[in-house]
1. Can you sort Lys310, Lys22 so the residue with the fewest Cβ neighbours within 10 Å comes first?
2. So, in nm, how far is label Met35 from label Gln66 when the simple model puts each one 7 Å beyond its Cα toward the Cβ?
3. Relative contact order of the chain, please, whole-number percent, based on alpha carbon pairs below 8 angstrom and at least 6 residues apart.
4. Measure off 7 Å from each Cα along the Cα-to-Cβ vector at Ala18 and Glu109, then give the distance between these two points in nanometres to one decimal.
5. Roughly how many whole Å is it from the C-alpha centroid of segment 227-243 to that of segment 66-118?
6. If you project the alpha carbons of the chain onto their three principal axes, what span does each projection cover, largest first, in Å?
7. Please identify the longest segment of the chain free of exposed GluC sites (Glu not before Pro), where exposed means a DSSP state other than H, G, I, E or B and no more than 15 other Cβ atoms within 10 Å.
8. What's the tally of Lys pairs in segment 172-265 whose alpha-carbon atoms lie under 26 angstrom apart, where the two lysines are 8 or more places apart or on different chains?
Amino acid sequence: MAISYRDLGLVNTREMFAKAMKGKYAVPAYNFNNMEQLQAIISACVETESPVILQISKGAREYANQTLLRYLAQGAVEYAREIGGGKLIPIAVHLDHGSDFDICKSCIEYGFSSVMIDGSHHSFEKNIEETRKVVEYAHKFDVSVEGELGVLAGKEDDVEAEKHIYTQPDEVEEFVSKTNVDSLAIAIGTSHGAFKFKPGTDPKIRLDILAEIEKRIPGFTIVLHGSSSVPAELVAMINQNGGQLKDAIGIGEDQLREAAKSAVCKINIDSDGRLAMTAAIRKAFVEKPSEFDPRKYLGPAREALKDLYKHKNINVLGSAGHAFD
Ligand code: G3H
Ligand code: 13P
Ligand code: ZN
């Protein structure tokens, strides 16, 4: 039987984004696949008093089981209330990179409060058609919808793109008005994963294209995917403890801070969390090779993850302190 996100204590992203636009910050969208990641996200956002978007990818849904995920999301609300002393930060559960109408519909039935329909690999016309279909369905349940224009380099939606196809400012107005989408993910040089720039190239995103897009759709919510910063200290910690990550480069925090002040109201981060967990687990394995209680390495990994997210909320996205605005 279908369940409404409201019954789970969740909210859609509409009000979150309106406040973020006014307050010149971005709401964090952190991916999770398991309990430790979810605990870290929730505790970091409660402690920094930040709204949060919990992102679930198709892969996460397959890994963790959709029924279990629904109860994890519901549990996350109760957990947030409990550790927040009875006060509840705004929490949305969002489908990351929904590939078609059916997965979006299924997620809405499982209690998601927001979905992304990623039609960026289709033609402009087909992208509009697919996105509009999802919007028409989702809005009946007051679920918010994110669309995407432009293609991020790297791996996206099981499609491997060699080069960025930057979002064309000329297309955004038509896309937004014809689809009635609530937010738009754009491609301005960010990319998924830990290898975003080739060594020796200029690791800059195209804030000029962002500014141009903002001019075409003033006040409309923009989303940035592929926004991990790939902290050098985490890469070093992984490599010092037996890992092999070469030439991992991310988006500078200063550029993200700049973007967060603009119409960018949602910033997606997954890879940095993966790096923080991996670094902590590798360190625990090297330092205590005789330990075999998962709590002894997942515990420190969860702590490292929480510290990372607190840092992002406070120093990069600027969402800290805005949960109860
Ligand atoms: O955009 C991709 C996210 O990092 C999710 O990755 O599909 O491996 O779960 P995933
Ligand atoms: P990163 O790989 O840069 O963390 O991006 C995550 C993302 O965009 C999820 O949709
Ligand atoms: Zn993404």
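Read-outs throughout are calculated quantities, based only on the coordinates presented, and are distinct from any laboratory measurement. Note that the structure is a prediction, hence the values are computed from the model and not measured. Don't worry about glycine lacking a Cβ; one is built from the backbone with ideal geometry, like all the others, and counts go over all protein chains shown.
1. Values: Lys310 18, Lys22 12.
The most exposed by this proxy come first: Lys22, Lys310.
2. Computed distance between label sites Met35 and Gln66 equals 2.4 nm.
3. Normalised by residue count, the contact order of the chain is 22 percent.
4. A separation of 3.1 nm, rounded to one decimal place.
5. Cα centres, segment 227-243 to segment 66-118: 29 Å.
6. That works out to 60, 51, 35 Å along the principal axes.
7. Counting only loop sites that pass the neighbour cut-off, the longest clear stretch is 1-161.
8. 9
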